[in-house]
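Any read-out appearing in this document is the output of simple, stated calculations on the displayed coordinates, not a laboratory observation. Quantities reported herein were computed from a predicted structural model and do not represent experimental measurements. Neighbour counts run over all protein chains shown; Cβ positions are idealised from the backbone, glycine included.
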Amino acid sequence: MAEVILHAELRELKGKKPGALRREGKIPGIFYIHGENNLTVALPEKSLLKLIHSSETNLINLKLSDGTEKRCILKDVQLDPVTEKPVHVDLQGVRADEKLTLDIPVVIIGGIPKGVREGGILQHIIHKLKISCLPEHIPQHIAINAEELLINQSVHIKDLKVENFVVLDNENNTIIAILPPLVEKVVAEVAVEAVAEPEVVGKGKKAAEGEEEAAD
């Protein structure tokens, strides 16, 4: 998988407040790995946004201001509920011989599925899958070729052919599906109404005739 370089400043907890850092275009964060002390850091917002909005998972080479380097992944991002800008990030350190648990984006490839060309609707249900693997085997994304998928067909987790990692989600979960055209449902509803309406009118007519006979 691709490895990206991210520069970070080491900071003291008694230093600048998080709000002051953000006004300078920096996002506070924490680096952690078991067996070592946590490190509080500040990262350039512009560089961080590229990682946050990427559709791929990347291994990070974190270059710290004291000259040391740490390999890690972007584990969690806290966003402002109003602006949706990052306000804090968690960076999880990795070791070559230790497996990680992380969420990997699902990407649909192959162009427009056959079922969609025939009028069906593509439903993308699961956008990320939780996997376990060694750092060297982290996939940037999990690709699903939907080109041959027809109406009423779907792809489940158990249908995936994966190597070097294990998917931890329920194997029976549906990832994508091609639904029938909505127009079929509309036509069916109209047909039912068309059949039901004369019956109601007929009963009303008989009732009216009965009333007239009773009146005579």
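The table below lists the values:
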{"read-out": "Label-zone membership for the stretch 126-155, site N170, 7 angstrom Cα→C-beta point, backbone N under 20 Å", "value": "126-132, 153-155"}
{"read-out": "Reduced Cα scattering model of the stretch 3-94, Debye log10 I(q)/I(0), q = 0.17 Å⁻¹", "value": "-0.68"}
{"read-out": "The stretch 102-180 - charge dipole about Cα centre, Lys and Arg +1 at Cβ, Asp and Glu -1, debye rounded to 20", "value": "140 debye"}
{"read-out": "Overall Cα dimensions of the stretch 102-180 - principal axes, largest extent first, Å", "value": "42, 22, 17"}
